[in-house]
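Below you'll find the structure, written out as C-alpha cells, and then a few comments.
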Amino acid sequence: MTYLSLSGHTAGRELNRVRATAPLVHCLTNSVVTNFTANVLLAFGAAPAMVVAREEVADFAAIAGALSVNVGTLTAPQAEAIRLAVASANQAGTPWVLDPVAAGPLAFRTDFCRELLDARPTAIRGNASEVRALAGLASAGRGVDSQDSSEAAVDAARALAERCGAVVAVTGAVDYVTDGERVLAIAAGDPLLTRVTGTGCSLSALVAAFLVGASDRLIAVASACATMAVAGGLAADHAPMPGRFAVALLDQLSLIDSAALEGALS
Ligand SMILES: Nc1ncnc2c1ncn2[C@@H]1O[C@H](COP(=O)(O)OP(=O)(O)O)[C@@H](O)[C@H]1O
Ligand SMILES: Cc1ncsc1CCOP(=O)(O)O
Ligand SMILES: [Mg+2]
C-alpha cells in the first residue's frame, strides 16, 4: 500500500488554525489521565472541561466544540453519561472522538465500544491492538488478518473507517491515519511517549480539539497526531527520563509551532 505523508506545512497550518480559536473540549475520560489530559489541552492552547455528571453531560456536549470519549476506567454510571453525551453531540453536530482503551479482551468495555461504533464517532484513536479489536467487531467476521504488523493495523484501521464513516488513527512508532481511502503516515515521536501514562489518551483529546471547525477531518486528525509526536520527540531531546519527560512534553506542546512541524516532517 502507498501511504501519503503529511507535510509540515499542512500540519502547521492546522496547528495555527486550532490555536487561534482555543476550542473547548468536553472530556469524558478515565480516572488515570484526567489531570494530564487537561494539562495537555491547556499547554497546547485548547480549553478542557471534564464535565461528567449524567445531569450535565448532554447540555455541555451540545455547547462544547468537541467531545472526547475514553473507556479506560469505564463504569456503568459513566457508560450512561457517555450515552447521553454522545446522543447530544450527534444531535448538535458536535464532533466526537472514541478512544477504545484496552478494547478486545474485556467484555464490558468491548461491548460498549461496539455500541458506540453504531453511534458513529467522528474519529477513533487507538493503538494497534485496540484498532484491530474494533475492526474485528466492525467487520462482523469479515476477517482482519492476525499478523502483528503495521500493515495489519492499517488494514484494520481502513476496515473500521469504512464501516463507521470515521477517521481512524492507529498510533505507535509510526502513526497511520485513514478515512478508509487515503492513508497518511507520520513517522515521528519517541519511545518515551510509551513510558508515561496518558499520552495516547491525551492525544485523543487533542484530536478532538483539532476536529473543531476542520474542513478536512483526515488532515485535522493527522495534524493532531503529528503535533503530539513531534512535541514528544522534542521533549525527549530535552528530558530523556520519564518523569522529566512528562513535564517537558507539556512544555513542548506549548512551544510547538508551525516552524517546528515544518522542520520535523518531510
Ligand atoms: N515506539 C514508539 N516510538 C515513537 N513514538 C511512539 C511509539 N509508540 C507510541 N508512540 C507515540 O506515543 C503516542 C501515544 O501512542 P500509543 O502509545 O500508540 O497510544 P496508547 O497510549 O493509547 O497505547 C503517540 O503520539 C505515538 O505516536
Ligand atoms: C493505565 C490505565 N489503566 C486504565 S486507563 C489507563 C491509562 C491509559 O492511558 P494511555 O492509553 O494513554 O497509555
Ligand atoms: Mg490508549
Review point. Out of the residues in region 114-132 that are outside any loop (DSSP other than H, G, I, E, B) and away from ligand 2 (no atom under 14 Å from the Cβ), which is surrounded by the fewest Cβ atoms within 10 Å (Cβ to Cβ)?
Key: Asp118
**Study point:** Leu184 over 16 Å from Ala133 (Cα atoms) and either within 16 Å of ligand 2 (Cβ to nearest atom) or part of a helix (DSSP H, G or I) (or both)
**Key:** no
Check your understanding: When region 63-78 is examined, which residues are found to be crowded, with 18+ Cβ neighbours inside 10 Å and without any contact (Cβ under 8 Å) to a residue 60 or more places away in the chain?
Key -> Ala64, Val69, Val71, Leu74, Gln78
**Study point:** Criterion (touching a Leu at 6+ places or on another chain (Cβ under 9 Å), of a type in the set (Asp, Glu), more than 23 Å from Pro48 (Cβ to Cβ) and modelled with pLDDT of 95 or more) met by exactly one of Asp216, Asp179, Asp175
**Key:** Asp179
**Study point:** Which listed residue is part of a loop (DSSP other than H, G, I, E, B) and at negative phi, from Ala214, Ala220, Ala208
**Key:** Ala214
**Study point:** Within region 11-94, strands (runs of 3 or more DSSP E) holding 3 or more residues that are under 15 Å from Phe112 (Cβ atoms), out of contact with any Leu (no Cβ under 6 Å at 6 or more places or on another chain) and among the polar types (S, T, N, Q)
**Key:** none
Check your understanding: Quick one: is Val170 modelled with pLDDT of 95 or more and in a helix (DSSP H, G or I)?
Key -> no
Study note, to complete from the structure: Picking from Ala235, Ala156, the residue that is part of a helix (DSSP H, G or I), at pLDDT 95 or above and more than 16 Å from ligand 2 (Cβ to nearest atom) would be Ala156
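The values are calculated or read from the model by the stated rules, or taken from the named source; none is laboratory data. The structure presented is a predicted model; accordingly, all values stated were derived computationally and were not measured. Ideal geometry is used to build each Cβ from the backbone, glycine not excepted, and the neighbour counts take in all protein chains shown.
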